[in-house]
Amino acid sequence: MPLQTALRMVYPPRCLSCGDTVDSEFGLCGECWRETPFTGGLVCDCCGLPLPGAETDETVLCDDCLTLPRPWGRGRAAMVYRDNGRKLVLALKHGDRHDIVRPAAAWMARAARPILQEKMLIAPIPLHWLRMLKRRFNQSALLAGALADEVAMPWCPDLLQRPRRTVPLEGRTREERFETMADAITVHPKRRRRLIGRQVLLVDDVMTSGATLAAATEACLSAGATGVSVVTLARVAKDA
C-alpha cells in the first residue's frame, strides 16, 4: 500500500481520453464521460444499438437487423461509434493504447450481462497472420481476454482463424463487405472440441455491417456450436 500511494503521488491517474487527472485508475473525467456515447435503455437485441423509446421485455430490433437477419442470436455494444467512443476505439486499435483494454472490458461486460449464459465460451474475431505481424496485436483478442476475466468465464484466444487474407473493409458497401468475408473465417481444427455443444460469445472492437461477425458466427455454427451471441466495444450507427 505505501508503494502504491507513492506511485499515485508521482504518477497520478489520468483520464483515458484527455489526460486530465482523475480520482481512480483507468477512468474518464466527468466531461469525457459525458461525451462518450455509452449504450443504455432500450437497445436492439441483436446488435446493441440504442433505440428510441422506453425499455421493454419484448425483443426489439434496429432497422439494420430487421433488414438483414443475423445468423447470431443476440448482441450488445458498449457504446456508439462516434465522438469520444470513436476516439477511444481508434486509440486502442491504431494508437497502441492498451491501457484502454481493461476499462473497455468492464463497459462491455456491463452491456453484455443480459445475454451471458452459463458455460458460454468467449472468443475473439481473428486477424490474418500478415495483419497480425504488421499490427503486432489483435485488439479483439485483448478485449476478449479482459472481458473473460471481468465476467469470470472461459475464453479461447485462437478458437477462430483467418486462413485467407481479405482486403480492408473500410469504405466498401454492405454487399462488398459480405462478399469479401464469405468463408474467410474458420474454426481452428484443434480447438473445435471446445465449442461443440456450447454457446459462443464472439468479441470484436467495432460492428459496422456485421459481415465479419456473420462469417465468424457461421463458422462456429458449422463446427457444432449450439448458438452464438456477439458483443462489441462500439456499434456504428448510420448517422455516425
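No lab work stands behind these numbers, since they all come straight from the coordinates. Model, not experiment: these values are computed from the prediction. Please note: Cβ atoms are built from the backbone with ideal geometry, for glycine as well, and neighbour counts cover all protein chains shown.
Between helix 211-223 and the chain there is an angle of about 60 degrees, using the helix long axis and the longest principal axis of the Cα atoms. Springs between Cα atoms under 10 Å define the GNM used for the chain, and in it the highest mean-square fluctuation of GLU176, GLU58, GLU35 occurs at GLU58. Net charge in the neighbourhood of ARG131 (other residues with Cβ under 9 Å of its Cβ; Lys, Arg +1, Asp, Glu -1) is +4. Annotation: the residues LEU201, LEU116, sorted from fewest to most other C-beta atoms within 10 Å of their own C-beta, follow the order LEU116, LEU201.
Each Lys and Arg contributes +1 and each Asp and Glu -1, all at the Cβ; summed about the Cα centre of the chain, the dipole is approximately 1040 debye. In summary, region 15-106 shows an alpha-carbon radius of gyration equal to 1.24 times the 2.2 N^0.38 Å reference for compact globular proteins.
For region 38-235, the fraction of C-alpha pairs farther apart than 30 angstrom is 13 percent. Which of CYS18, CYS156, CYS44 moves the most in a Gaussian network model of the chain with Cα springs under 10 Å? Answer for the Gaussian network model of the chain: CYS18. Sorting MET108, MET132, MET120, MET207 from the fewest to the most surrounding beta carbons within 10 angstrom yields MET132, MET120, MET207, MET108. What number comes out for the charge environment of ALA78, summing +1 per Lys or Arg and -1 per Asp or Glu over other residues with Cβ under 12 Å away? Surrounding charge for ALA78 is +1. The order of ARG113, ARG86, going from fewest to most other C-beta atoms within 10 Å of their C-beta, is ARG113, ARG86.
Can you tell me how region 119-240 classifies by the Cα gyration tensor, rounded, prolate or oblate, using a/c under 1.5 as the rounded cut? In terms of gyration-tensor shape, rounded. Using a cut-off of 19 Å between alpha-carbon atoms, which lysines can reach LYS87, once sequence neighbours fewer than 8 places away in the same chain are excluded? Correct list for LYS87: LYS238.
Here the Karplus curve 6.51 cos²θ - 1.76 cosθ + 1.60, taken at θ = phi - 60°, turns the phi angles of region 61-77 into couplings of 10, 6, 4, 4, 6, 6, 6, 10, x, 9, x, 8, x, 10, x, 9, 9 Hz, with x standing for Gly and Pro. Measuring nothing but how far apart in sequence close Cα pairs (under 8 Å, 6+ apart) lie, relative to its length, the chain scores a relative contact order of 21 percent.
Computed over region 94-146, the quotient of the alpha carbon radius of gyration and 2.2 N^0.38 Å is 1.28.
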